[in-house]
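Each remark here refers to the structure printed beneath this line.
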Amino acid sequence: MPDTLRGIFPVLQTPLDACGALDMSSLQREVVFNIKAGAHGLVFPVLGSEFQFLSDNERRHLVEVVIAEASGHIPVVVGVAGPSAAVAQEHAAHAAAAGAEAVIALPPYIAGGSPAELLHYYRTIAAAAQVPVFVQNSGAGMSPDFLGQLLREVPGIHYIKEEAAPSAHHISAVANLHEPNCWGIFGGALGRWMISEMRRGACGFMPAAELTDVYVACWDAFQAGDEPGARIILNKLMPEINLATLLGMRVCKEVLVRRGVFACAAMRQPGCPELDDEDQHELDAILADLEPLYRI
């Protein structure tokens, strides 16, 4: 087994300007910010990046910007999910050519697939990418046993990102399969169950990108054997996680604005709630508790 991917791999948010155009300067700042914050890797573009609201050309260009800005300092895991195997194949081949360390893919995200179709979808991605593949199980209903089948039957699949509820139980179930091709299981869902999932064998997490330094502090404490200290940090994170769960990724973008990374909190996703004065007041209080944990 080669050196495996471990730690905090923040999902980058896609920055837009006030007119809705892609903001490349803010994206470059986001990459640098996360490297300085101690991220162990980066993930882009996936659900937290609003990938499904980007054109294919936008996705490819943004991936190239992220990988170029990371400059090999930390690995970049590129999201390559598509509505079909053919579309995902194109994104996987592009990710490999652009220099991705690994790729990650939801199942086809417009219409689901049968087990045979999902096997074909992931075989197509793995063959095109020729780098390790993460299977993202987020609301897709793939059972631990089926994930084990993917690990056994699709060369190149080596990681699972488990978010199907109850994710902690699913992480235990996948870990207990003891599949030799499984190099690691990551958690998601903004890291809200980090402690339980680390205790069950999770080797990394893919939260949003606005509080990477705080997530890294939680990870470091747990890895050093200080579970009580890690719990204290996660408890400080939970109000922001809850607010983002309630109001969407605009909360994460607003924090990036406040931290001097983004110029604007505009969303590409239609219908995402605006933050009103009371939301901003709540965020003031939450960030006041978190600021002592900032690294930058």
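Structure above, values below:
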| read-out | value |
| --- | --- |
| Rounded if a/c under 1.5, otherwise prolate or oblate - the chain, Cα gyration tensor axes | oblate |
| Stretchable slack from His61 to Ala116, in nm (0.36 nm times residue separation minus alpha-carbon distance) | 16.6 nm |
| Qualifying chymotrypsin sites (Phe, Trp or Tyr not before Pro) for the stretch 214-296 [loop in DSSP, other Cβ within 10 Å: at most 14] | Tyr294 |
| Mean Cβ count within 10 Å, highest first, over the residues of peptides 96-102, 279-285 | 96-102, 279-285 |
| The stretch 7-293 - share of DSSP beta bridges that are antiparallel (%, nearest 5) | 5 |
| Sequence-separation-based contact order of the stretch 189-296, relative, with Cα cut under 8 Å and 6+ spacing, percent | 27 |
| Axial C-alpha extent at least 15 Å, average Kyte-Doolittle at least -1.0 - helices from the chain (DSSP) | 24-36, 56-70, 85-98, 115-129, 212-223, 227-247, 277-290 |
| Fewest-first ranking of Cys182, Cys19, Cys264, Cys218, using other Cβ atoms within 10 Å as the exposure measure | Cys19, Cys264, Cys182, Cys218 |
| Theoretical gain in end-to-end length, Leu177 to Val87 [0.36 nm per residue, Cα-Cα removed] | 29.3 nm |
| FRET E, pair Gln269, Thr4, Förster distance 25 Å, beta-carbon r, rounded to 0.05 | 0.15 |
| Residues in the stretch 81-98 that a label on Phe53 would reach, taking backbone N under 19 Å of a point 7 Å out along Cα→Cβ | 81-83 |
| Sequence of Asp226, Asp276 once ranked by neighbouring C-beta atoms within 10 Å, starting from the fewest | Asp276, Asp226 |
| Within the chain, helix-based [θ] at 222 nm, where runs of 4 or more DSSP H residues each add -39,500 (n - 2.57), nearest 500 | -14500 deg cm²/dmol |
| Length released on extending from Asp289 to Asp17, taking residue separation times 0.36 nm less the Cα-Cα span | 95.0 nm |
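Read-outs: derived from the displayed coordinates by stated rules, not from any lab. Values in this document were obtained by computation on a predicted structure and should not be read as measured data. Here the Cβ is made from the backbone with ideal geometry for all residues, glycine too, and neighbour counts use every protein chain on show.
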